[in-house]
1. From the set of residues in the range 1-12 that are among the β-branched types (Val, Ile, Thr) and more than 22 Å from PRO65 (Cβ to Cβ), which is surrounded by the most Cβ atoms within 10 Å (Cβ to Cβ)?
2. Filter the range 13-31 for residues that are at pLDDT 85 or above and surrounded by 12 or more Cβ atoms within 10 Å (Cβ to Cβ) and give the result.
3. Pull out all pairs, ordered by first then second residue, where Cβ-Cβ is under 8 Å, the residues are six or more apart or on different chains, the first lies in the range 7-28 and is farther than 14 Å from VAL43 by Cα, and the second is open to solvent by less than 80 Å² (accessible area, probe 1.4 Å) and among the basic types (Lys, Arg).
4. Can you name the residue in the range 1-42 that is in contact with a strand residue (DSSP E or B) (Cβ under 7 Å, 6 or more places away or on another chain) and of a type in the set (Gly, Ala, Ser) and, of all such residues, is nearest to TYR56 (Cα to Cα)?
5. Cβ contacts < 8 Å: first residue within 19 Å of PHE2 (Cα to Cα) and in contact (Cβ under 8 Å) with a residue 12 or more places away in the chain, restricted to the range 46-61; second residue assigned to a strand (DSSP E or B) and among the hydroxyl-bearing types (Ser, Thr, Tyr), any location; separation 6+ or different chain. Result?
6. Go through (1) open to solvent by less than 70 Å² (accessible area, probe 1.4 Å); (2) more than 12 Å from the chain's Cα centre (by Cα); (3) closer than 16 Å to ALA4 by Cα and name the single condition VAL39 misses.
Amino acid sequence: MFEAIVVFCALGVTDPSECVTAEDTRGPYETREECMMRVHQMVSALAMTMPVPMQYSFKCEEPAPKGIKL
């Protein structure tokens, strides 16, 4: 299972604390390919919402286990 995460920053920003992380609310996805398709959808939606030049980074990672470990 994979979760889609997109990090975006205005072009020229070098301080990671000035970037924004968008986490998907639809996943997790069975395959990396499904996750990548969702990443592309998220980037397209973000680009339409914020039409300023942005740089995007992304990853499809396996979700961290939820709950408490004993």
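The values are calculated or read from the model by the stated rules, or taken from the named source; none is laboratory data. Everything numeric in this text was worked out from a predicted model, so none of it was measured. Note that each Cβ is placed from the backbone with ideal geometry, even for glycine, and that neighbours are counted across all protein chains shown. The protein model used for the area step is the full one, side chains on, heavy atoms only, and it has no ligands, DNA or RNA in it. Shrake-Rupley method; radii C 1.70, N 1.55, O 1.52, S 1.80 Å.
1. VAL6
2. Hits for the range 13-31 are CYS19, VAL20, ALA22, ASP24, PRO28, TYR29.
3. Sorted first by the residue in the range 7-28, then by its partner, the pairs are ARG26/ARG38; GLY27/ARG38.
4. Among those residues, the one meeting the criterion is ALA10.
5. CYS60/TYR29
6. Failing condition for VAL39: (2).
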